[in-house]
Amino acid sequence: MNNKTLAIIKPDAVGNGFTGKIMDRIISSGFSIKAARLLHLSREQAERFYEVHKERPFYQDLVDFMTSGPCMPMALEKENAVAEFRQLIGATNPVEAAEGTIRKDFAESVQNNAVHGSDSDKNSEKEIAFFFSSNEILN
Ligand code: ADP
Ligand code: MG
């Protein structure tokens with residue numbers, strides 16, 4: 001089992017001033033932040049990151065949203081990190097997200113849903129490598 005996952009505080013949440021509150025939730029839920037940076041994704045980066053959704057009807061709007069302002073990718077560590085983080089953030093659509101989850105409390109809509117979390121160990125490795133080289137990740 002991999003113990004890392006890739007989180008992104010998305011442009012809606014950064015723009016709404018929720019970065020600190022979301023980081024606090026993450027840390028107080030037992031994750032340690034092993035890498036973090038603030039960046040404004042280029043169109044090419046956003047398209048590549050969400051390439052698996054290329055054929056979905058919301059893809060272009062998603063790319064517009066993810067390039068609309070700065071975001072904060074983070075490499076997080078915890079035992080069973082992928083599943084634990086998905087549980088902490090809640091369902092994709094905040095209307096369906098459980099009480100107390102990050103998306104329930106901070107998301108604006110199914111698209112502007114505050115945070116990203118990797119969906120498998122294979123993707124978490126790929127997604128962490130997308131944003132961070134190995135010498136940028138704490139041991
Ligand atoms: P998750 O982020 O929960 O893993 P997906 O991988 O299915 O969800 O989708 C990636 C992102 O695309 C979502 O987090 C959200 O920002 C956006 N998205 C997903 N479904 C929709 C939808 N029906 N309409 C608009 N945007 C969507
Ligand atoms: Mg996903």
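How far is it, in nm, from the label point at ASP119 to the one at ASN135 when both lie 7 Å from their Cα along the line to the Cβ?
3.5
Run down the aspartates and glutamates and flag those whose C-alpha is under 20 Å from the C-alpha of LYS4, throwing out any fewer than 8 positions away in its chain.
Result set, ordered by chain and number: ASP24, GLU77, GLU79, GLU84, ASP119, ASP121, GLU125, GLU127, GLU136.
So, with a 1.4 angstrom probe, what is the percent of accessible area on the stretch 23-96 that is carbon and sulfur?
49
Would you report the distance distribution of C-alpha pairs in the stretch 1-58 as whole percents per 5 angstrom bin, up to the bin with the largest distance?
In whole percents, the pair-distance histogram is 4, 13, 21, 21, 19, 16, 7, 0.
Step through the table entries LYS54/LYS78; LYS104/LYS126; LYS10/LYS54; LYS54/LYS126, compare each Cα-Cα distance with 25 Å, and write down the pairs that go over it.
Those over the limit are LYS54/LYS78; LYS104/LYS126.
What are the DSSP H helices in the chain that stretch 24 Å or more along their long axis, judged by alpha-carbon atoms, and whose average Kyte-Doolittle hydropathy comes to at least -0.5?
Result, helices passing both filters: zero.
Just the accessible area per residue of the chain, please: how many Å² with a 1.4 Å probe?
52
Give the ranking of HIS116, HIS53 by solvent-accessible surface, highest area first, calculated with a 1.4 Å probe.
Ranked list, largest accessible area first: HIS53, HIS116.
Per the Debye formula with a single identical scatterer at each Cα and no solvent contribution, what log10 I(q)/I(0) holds for the stretch 96-139 at q = 0.13, 0.19 Å⁻¹?
Evaluating at q = 0.13, 0.19 Å⁻¹ gives log10 I(q)/I(0) of -0.43, -0.74.
How far apart, in nanometres, would the label points at LEU38 and GLU55 be if each is projected 7 angstrom from Cα along the Cα-to-Cβ direction?
Result for the modelled spin labels: 3.9 nm.
Starting from the Cα of ASN80, step 7 Å along the direction of its Cβ; do the same at ASP24; then give the gap between the two resulting points in nm.
For the pair ASN80/ASP24, the computed spacing is 2.7 nm.
For the chain, max minus min Cα coordinate along each principal axis, in Å, sorted largest first?
37, 34, 26
The values are calculated or read from the model by the stated rules, or taken from the named source; none is laboratory data. What you see is a predicted model; the values in this text were computed from it and never measured. Here Cβ is always computed from backbone atoms with ideal geometry, including for glycine, and neighbour counts include all displayed protein chains. Note: areas computed on protein heavy atoms with side chains; ligands, DNA, RNA excluded. Shrake-Rupley method; radii C 1.70, N 1.55, O 1.52, S 1.80 Å.
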